[in-house]
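Worksheet: the structure to be examined is printed underneath.
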Amino acid sequence: MWLRTRNDLTFDFAVPTPLILMLRPHSGSDQWIAREEYRLEPHVPACEFTDTYGNLCQRLTAPPGQFAISTIAEVKVADAVAQAPGAPFVDIEQLPDNVLIYLLPSRFCESDRFGEMAAEITAGHALGYDQVAAIAGWLRERIRYVPGTSDIPISAVDVNLRQVGVCRDLSHLGIALCRGLSIPARLVVGYLHELEPMDMHAWFEAYVGGRWYTFDATQAELGGGYVAIGYGRDAADVAIFNQFGPPANETSQQITVERFD
């Protein structure tokens, strides 16, 4: 399917403010970027770099006063998410070098505290994809997905205690449980067609059967319509913007994702 995504960000800064943005999706095995627009108002010099995880990031300094960022992308994505029940666990010694980092505990995914719990949740399931599917199913049943309940990232430990969270929070717990089983897992941030309410979305991927597979505990069924912008160990790596200095007087964001022929 073809999707057109739009992200409009507006700020009101009191002083010149350095920003690092992550707003450009890039083409890969699961998506093709056919057209993009990236507008800054007022226009300021900006430069782009690729971070440790392969994400396209932009650096600039916003001037005092109103500052607006608008991005549009036309993206070809699969009509359905790839699924592979029975895909095997990959032995650690066979993992690609760039996947190994996603085995380790991180700021919001304390996987070293979830090994026993993960083993209990996945007992009786085949090693690999089926274990991750069991974790995603457990999250849907046990952790309430309530948009707006968490303004800042919280860790997997806190999500498990609260038993409620936003998409990012459920993904953090899912990642920690996967890593607790020595299954590499990473956070993805982007857009989802027909998400309700429409906003930025987060889900997680697990590396089994020799590739990454998508899991989303907030959705009853895995359909198509996912557009990835950033990948990382957890939310600390995939913020769509980081600002440095005094907080903005005002920040607003509007997201639209529409299908077109």
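Assorted remarks:
- Figure legend. Inter-residue proximity from segment 84-110: first residues closer than 20 Å to residue 54 by Cα, second residues among the aromatic types (Phe, Trp, Tyr), beta-carbon distance below 6 Å, spacing 6+ or different chains. Indicated pairs: 99/207.
- Residue satisfying condition, being among the hydroxyl-bearing types (Ser, Thr, Tyr) and in contact with a Pro (Cβ under 9 Å, 6 or more places away or on another chain), within set 213, 231, 226, 207: 207
- Considering residues of segment 190-217 that are more than 19 Å from residue 79 (Cβ to Cβ) and in contact with a Phe, Trp or Tyr (Cβ under 8 Å, 6 or more places away or on another chain) only, the residue surrounded by the most Cβ atoms within 10 Å (Cβ to Cβ): 204
- Within segment 15-46, the set of residues being touching a strand residue (DSSP E or B) at 6+ places or on another chain (Cβ under 8 Å) and in a loop (DSSP other than H, G, I, E, B) comprises 16, 25, 26, 27, 30, 42, 44, 45.
- Only listed residue being basic (Lys, Arg), assigned to a helix (DSSP H, G or I), buried (at least 16 other Cβ atoms within 10 Å of the Cβ) and within 17 Å of the chain's Cα centre (by Cα), chosen from 179, 186: 179
- Output for segment 134-156, where each listed residue is of a type in the set (Asp, Glu) and within 16 Å of the chain's Cα centre (by Cα): 151
- Condition met for residue 73 (of a type in the set (Gly, Ala, Ser), farther than 20 Å from residue 244 by Cα, crowded, with 16+ Cβ neighbours inside 10 Å and at pLDDT 95 or above): yes
- Meets criteria (over 24 Å from residue 256 (Cα atoms), in contact (Cβ under 8 Å) with a residue 40 or more places away in the chain and surrounded by 12 or more Cβ atoms within 10 Å (Cβ to Cβ)) for residue 14: yes
- Residue among 163, 131 that is among the polar types (S, T, N, Q) and surrounded by 21 or more Cβ atoms within 10 Å (Cβ to Cβ): 131
- Hey, residue 169 among the charged types (D, E, K, R), in a loop (DSSP other than H, G, I, E, B) and within 26 Å of residue 53 (Cα to Cα) or not: no
- Selection status of residue 220, surrounded by fewer than 17 Cβ atoms within 10 Å (Cβ to Cβ) and part of a helix (DSSP H, G or I): no
- Any chance residue 238 is β-branched (Val, Ile, Thr) and either within 25 Å of residue 57 (Cβ to Cβ) or surrounded by fewer than 18 Cβ atoms within 10 Å (Cβ to Cβ) (or both): yes
- Among residues that are in a loop (DSSP other than H, G, I, E, B) and buried (at least 21 other Cβ atoms within 10 Å of the Cβ), residue 149 is not included.
The values are calculated or read from the model by the stated rules, or taken from the named source; none is laboratory data. This one's a predicted model, so the numbers in the text were calculated from it and none came from an experiment. Cβ atoms come from the backbone with ideal geometry, glycine included; neighbour counts cover every protein chain shown.
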